[in-house]
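Please read the structure below before turning to the comments.
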């Protein structure tokens, strides 16, 4: 009986920290998901200030990569082109702010992972300009938990049709 009681007490002691860690992870996943929702809403609202605030301000790592189908169309016309190109959150924010047409990015199959200090977001997307899909592919964000919340540190996405 003593062994059973001791084992039960040990299990209860070990379960407490695991439960707290699960709660902290769930809170971080929810906070990162809030960044995803703010990102989508800022695009629809043409809100460059909010959009810009979702990124680390002293860092701009953003790459665009052509998918195989798009690359097969581009490469023959532009032999010197690279399959990937560096881009900029600043250019995207400017585009969002100045677009005269409705724009939207739809996210599908969103997956979020985090250890509380860093995180990643992976999803499939369609980008719509004036109601028409102009780009679709997959996108990944590398996230950092900064003093004032979760920020996008880097972005990588594929271009396709």
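FYI, it's all coordinate maths here, none of it is from the lab. Predicted model, so just to flag it, every value in this text is computed and none were measured. Here Cβ is always computed from backbone atoms with ideal geometry, including for glycine, and neighbour counts include all displayed protein chains.
Please give the contour-minus-distance gain from residue 56 to residue 23: 0.36 nm per residue of separation, less the Cα-Cα distance, rounded to one decimal in nm.
Stretched out fully, the residue 56 to residue 23 stretch lengthens by 9.3 nm.
Can you tell me which of 130, 47, 58 moves the most in a GNM of the chain? Springs connect C-alpha atoms under 10 Å apart.
58
Which value in nm describes the separation of the simple spin-label points at residue 86 and residue 132, placed 7 Å from the Cα toward the beta carbon?
Distance between label points: 3.2 nm.
Stokes-Einstein at 25 °C, 0.890 mPa s, Kirkwood radius from Cα pairs: D for the range 2-159 in µm² s⁻¹? Mind dumping the intermediate values first?
Details: Rh = 17.9 Å.
Translational D for this selection: 137 µm²/s.
Which angle from 0 to 90°, rounded to the nearest 10, does the C-alpha axis of helix 89-98 make with the longest principal axis of the chain?
In the chain, helix 89-98 runs at an angle near 60 degrees to the longest axis.
Enter the per residue convex hull volume of the range 121-161, computed from alpha-carbon coordinates, in Å³ rounded to the nearest integer. Don't skip to the end; give the middle numbers.
Numbers: hull volume 3.0 nm³, N = 41.
For the range 121-161, the hull spanned by Cα atoms encloses 72 Å³ per residue.
Among 82, 106, 90, whose mean-square fluctuation peaks in a Gaussian network model of the chain (Cα, cutoff 10 Å)?
In this elastic network of the chain, the residue with the biggest mean-square fluctuation among 82, 106, 90 is 82.
Calculate for the chain the 222 nm mean residue ellipticity that helices alone would give, adding -39,500 (n - 2.57) per DSSP H run of length 4 or more and normalising by residue count, nearest 500 deg cm²/dmol. Don't jump to the answer; show the numbers that get you there.
On the way: 4 runs with 70 residues, N = 161.
Result for the chain: -14500 deg cm²/dmol, rounded to the nearest 500.
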